[in-house]
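The block underneath contains the structure these notes are about, expressed in structure tokens.
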Amino acid sequence: MDPELTALTSTAAATVVKLLTTAAWERATGAVGGLWRRVHPERAQTVQAELADSRAEVLAARQAGDEQVEQALVGEWQGRLRRLVAADPWLADELRRVVAELRAALADADTPQGTTITMQATAFGASRVNQAGRDLHVTIGE
């Protein structure tokens, strides 16, 4: 297989397996299932179920601190994607599009969501109240 396609399937597999550990995991299973649907429509649902199994495996492995399982799953899915693209070379362009879409979803999943902070203060007389959700630097009387 051409080195460019090897790199593409490697990136795709790593992205999919990483995305399986996020809240956006169903997006990955849907996208990969869609690729299979183009070449082997009869296997698409099975592939999606296998991705769900891979999700359970990688989550359990992460809890156990076993990084090798994640790497093994990346290798497994790279092989599957490589065989899929070999069966239909025109699928490479679609795989590139899917990788771009999933990498964007992964970036969104890795972006920490905002934290809600509620503060309340009451000051009497000549008091001063300083509140901050993070760092606060106060300089009085220079």
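Points to keep in mind about this one:
- Positive-end residue of ALA14, ALA123, GLN78, charge dipole of the chain with Cβ unit charges: ALA123
- Rounded to the nearest 10 degrees, the angle from helix 67-87 to the longest Cα principal axis of the chain is 50 degrees.
- When Rg and Dmax are taken over the Cα atoms of the chain, they come to 23.1, 79 Å.
- 0 to 90° range, to nearest 10: angle between helix 25-39 axis and the chain longest Cα axis: 20 degrees
- Range of Cα positions in region 64-114 per principal axis (Å), largest first: 42, 28, 7
- Among GLU70, GLU42, the order by Cβ neighbours within 10 angstrom, fewest to most, reads GLU42, GLU70.
- Compactness relative to 2.2 N^0.38 Å, alpha carbon Rg of region 6-81: 1.04
- Lys, Arg +1 and Asp, Glu -1 on Cβ, resulting dipole of the chain about Cα centre, debye, nearest 20: 260 debye
- Over the chain, relative contact order from alpha-carbon pairs under 8 Å, at least 6 apart, %: 33 percent
Where a number appears in this text, it was derived from the coordinates with a stated rule and is not lab data. Being a predicted model, the structure only gives us computed values, none of them experimental. Every residue, glycine among them, receives a Cβ derived from its backbone with ideal geometry; neighbour counts consider all protein chains shown.
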